[in-house]
There are 2 protein chains.
Amino acid sequence: MRLIEAIPATTWSATVPTSELLPLVLSKRDRLDPEDHAALSALPVRTERYEHGATIIPQGPAPNESCLVVAGMSLRTQQLGQSRTIVSAIHIPGDFVDLHAFLLDELDHSVVAQGRCEVQFIHSDALREVTRTRPHLTRLLWMSTLIDAKIHRAWLAASVGLRATERIGHLLSELFVRYQLIGAVRDGTFRMPLEQKDLESLLGYSKTHVNRSVQELRARGLIDWERNTVTVHQPDTLADLSKFDPKYLELRSAAR
Amino acid sequence: MRLIEAIPATTWSATVPTSELLPLVLSKRDRLDPEDHAALSALPVRTERYEHGATIIPQGPAPNESCLVVAGMSLRTQQLGQSRTIVSAIHIPGDFVDLHAFLLDELDHSVVAQGRCEVQFIHSDALREVTRTRPHLTRLLWMSTLIDAKIHRAWLAASVGLRATERIGHLLSELFVRYQLIGAVRDGTFRMPLEQKDLESLLGYSKTHVNRSVQELRARGLIDWERNTVTVHQPDTLADLSKFDPKYLELRSAAR
DNA sequence: CGATAAGTTGATTCGCATCAACTATTGTGG
DNA sequence: CCACAATAGTTGATGCGAATCAACTTATCG
């Protein structure tokens, strides 16, 4: 087992009861009135744990459940041709993994556990019922998928327009912000189930080149990164270098 | 004016009355019952035309309208730092341009006309009313944004995993399929408001390299492309070479 | 404490950018 | 209508960013 120890500190399950996780997540986007809150708490959920590399959702016909990361990390991976695998999204605690599954027939990607990972499943019927009766919640759920798309666009822009060093800086800036939002950064440091080698499938660079680029960021005093621990010494400088817009994950809804 | 003549043949406004466009577009996703159909037809819309390069939607605070391309083409463009502009989406007739705008406060991109372009605006209040009263329509609208995200993921994968020639093949395969879906391909040929030079901001390659890659595709007998006219001689071979999954935009499905 | 995997360094090759010239096409005004 | 201007497309030469192959060091785990 060369995993990071157990499920990382970045877990909510310790502090938040199962039924309160979803309302908590959505309340970060917009105020929930008591009825909405109750509707969410009442959703039946099933919690599962996965070992590193396990497939949480397979590519192909969409499952009749959607899920949410409770602890750890999962990756959305797409096949490109036969041989190549590309990561198209990273999910950390509080992120919906495949909310879109309940509206699509077929998923173009798999979801796999990166390190140990705990997720909460919600049946599509229950979600459909929410969309039938609770318009405001529907809009908030919809918004979650829009934020997903927003991140996709940012990755796409980074992929087209940045070179290795900047691009790694961009990814680390994003993870820094996202881990900050769930309270998992202390003194500029966070732990996550990614190592340098993982950037090979994430960004498409060889491990050799990833390493040289990471060294450059280190040499400039912007970051440290050993194994699963990342420290961002100068978030602003790093964001600037990487053309990362720190506001791009501001999450509040326009839909009341 | 070095535009493609007037609004291209790829227009629906000639054959479909304004109020019927939106129901027509959504009915491609799933059956509409008469009430849903009526609700859509009743939406007040405003039609506008833009010249090449005109900004249809500016980056920044989200507008209180969303829009749909009726004729021509529009591009979603993002700023990366000060200088670089990246295209993150292409919209052709029948595509929603910024349906997500009505749920987000702030747009991370602009939308500009590529060639002459006709769009239909729908006020956010009207959309919000639809989401309040018509759950099935809401799911279909939501699904439009999910397909958008699906295309983003395909672009991202292509951008990370393919080289210039394949990547251009990928884009042309996608456009071929999308234009086919709106009935704008005849004998493998379609016209569009993009030229080779436009791939510079679309894919991030220099025009020199774009040209050499296009020539390679031509030399292999896969395509022809002069100015605004593209012919795909062997869609299957091209898709295969480009690792393009031709199924990825098939839209119809079961219960929504 | 040995085995395995992550990280590091160097040498070579290749894809693509860049700069520069040139041709072909389209559009414009006299 | 023709001559010219402007833009799209084409070709060549050179340099840099990143892949690849290979060897090696360091950390981790059983």
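The values are calculated or read from the model by the stated rules, or taken from the named source; none is laboratory data. Here the structure is a predicted model, which is why all the values come from computation and not from measurement. Heads up, the Cβs are rebuilt from the backbone with ideal geometry, glycines too, and the neighbour counts pull from every protein chain shown.
Matching residues to (1) more than 30 Å from B:GLN215 (Cβ to Cβ); (2) more than 16 Å from DNA strand C (Cβ to nearest atom); (3) in the same structural domain as B:VAL210 (by TED's automatic domain parsing); (4) within 21 Å of the chain's Cα centre (by Cα):
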site	(1), (2), (3), (4)
B:GLU129	yes, yes, no, no
B:ARG134	yes, yes, no, no
B:MET143	yes, yes, no, yes
B:ASP148	yes, yes, no, yes
B:ILE151	no, yes, no, yes
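The condition of being surrounded by 20 or more Cβ atoms within 10 Å (Cβ to Cβ), at the interface with chain A (Cβ under 7 Å from one of its Cβ atoms) and either free of Cβ contacts under 8 Å to residues at least 24 places away in the same chain or within 25 Å of A:VAL87 (Cβ to Cβ) (or both) does not hold for B:HIS170.
None of B:HIS100, B:HIS91 is within 8 Å of chain A (Cβ to nearest Cβ) and of a type outside the set (Asp, Glu) except B:HIS100. If you go through the range B:103-116 one residue at a time, do you hit one that is within 16 Å of DNA strand D (Cβ to nearest atom), within 14 Å of chain A (Cβ to nearest Cβ) and not in a strand (DSSP E or B)? Taking every residue of the range B:103-116 in turn, none turns out to be within 16 Å of DNA strand D (Cβ to nearest atom), within 14 Å of chain A (Cβ to nearest Cβ) and not in a strand (DSSP E or B). Here the condition is being modelled with pLDDT under 95 and within 9 Å of DNA strand D (Cβ to nearest atom); of A:GLU166, A:GLU200, it holds for A:GLU200 alone. The residues of the range A:93-119 that are touching a residue at least 60 places away in the same chain (Cβ under 8 Å) and touching a Lys or Arg at 6+ places or on another chain (Cβ under 6 Å) amount to a single one, A:GLU118.
For the range B:180-223, filtering for residues that are within 26 Å of B:VAL111 (Cβ to Cβ) and not polar (S, T, N, Q) leaves 21. Applying the criterion of being surrounded by 15 or more Cβ atoms within 10 Å (Cβ to Cβ) and of a type in the set (Gly, Ala, Ser) to the residues of the range B:189-219, the residue that is farthest from DNA strand C (Cβ to nearest atom) is B:SER201.
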